[in-house]
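Asks: Structure provided below as structure tokens; questions to follow.
Every read-out reported here was derived from the displayed coordinates using simple, explicitly stated rules and does not represent laboratory data. Being a predicted model, the structure only gives us computed values, none of them experimental. Positions of Cβ are backbone-derived with ideal geometry, glycine not excepted, and every protein chain shown enters the neighbour counts.
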């Protein structure tokens, strides 16, 4: 049995239907995207670019600094290696020079050992030769050097006098009175003069050959 609705009920039903229809339409309707103004986009883009540029600049500076540090370290290592190479070369040169000098000295010693010295017994040269061996252990190699010095200085003349300087005797002591430390008879005794001369050579040059080398370089001893 169909019961007709009253007027108030029909109005309420119509209102509910209208509300439902309106709600459904709002839910399904698409929302249009909100567009940003072009100026705002450009501003944001520009800001992003500037910030990006700042970051790149900082990174480049850091990279340059790191490379500079690496180059400085590499340069320091190269300099250190160069100094080490120079030091090694200098050490080698010094060692080679010493080896050459030692070889030369050894050869001279061998050659000197083969020297045959002939002196007149009892002569000043004989006195010197015997005194050198007995008092200093110097052999004929050193006697040869001493002989060269004295031969040039006085010719082994016990009373030889240098008229310009006043040097006197076999060793040409200046003044001759220096030889008094070796004996009161220094003016006439060759042994006294030779004793003084050998002591002078030993104290000043070490050996007669050392004195001879100096004399060759300077003209006096």
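Asks: Based on the Cβ-Cβ distance of residue 188 and residue 218, what FRET efficiency does E = 1/(1 + (r/R0)^6) give at R0 = 22 Å, to the nearest 0.05? Write down the numbers at each step before the final one.
Replies: Numbers: r = 30 Å, r/R0 = 1.36.
Given R0 = 22 Å and the Cβ-Cβ separation, E is 0.15.
Asks: Note the full-extension length gain between residue 85 and residue 64 as 0.36 nm times their separation in residues minus their Cα-Cα distance, in nm to one decimal. All intermediate terms of the calculation are to be shown ahead of the outcome.
Replies: Values: separation 21, 0.36 × 21 = 7.56 nm, distance 3.11 nm.
Using 0.36 nm per residue and subtracting the Cα-Cα distance, I get 4.5 nm.
Asks: Could I ask something else about it? Counting pairs of alpha carbon atoms under 8 Å apart in space and at least six apart in sequence, what relative contact order in percent does the stretch 71-216 give? Intermediate values should be presented prior to the final figure.
Replies: Values: 128 pairs, mean separation 23.2, N = 146.
It comes to 16 percent, rounded to a whole number.
Asks: Please work out how much length the chain gains when fully extended from residue 77 to residue 92, using 0.36 nm per residue of separation minus the C-alpha to C-alpha distance, in nm with one decimal. Could you put the intermediate results ahead of the total?
Replies: Values: separation 15, 0.36 × 15 = 5.40 nm, distance 2.22 nm.
That pair, residue 77 and residue 92, stretches by 3.2 nm at full extension.
Asks: How many nm is it between the label spots at residue 120 and residue 102, if each spot is 7 Å from the Cα in line with the beta carbon?
Replies: Rounded to a tenth, the inter-label distance reads 4.5 nm.
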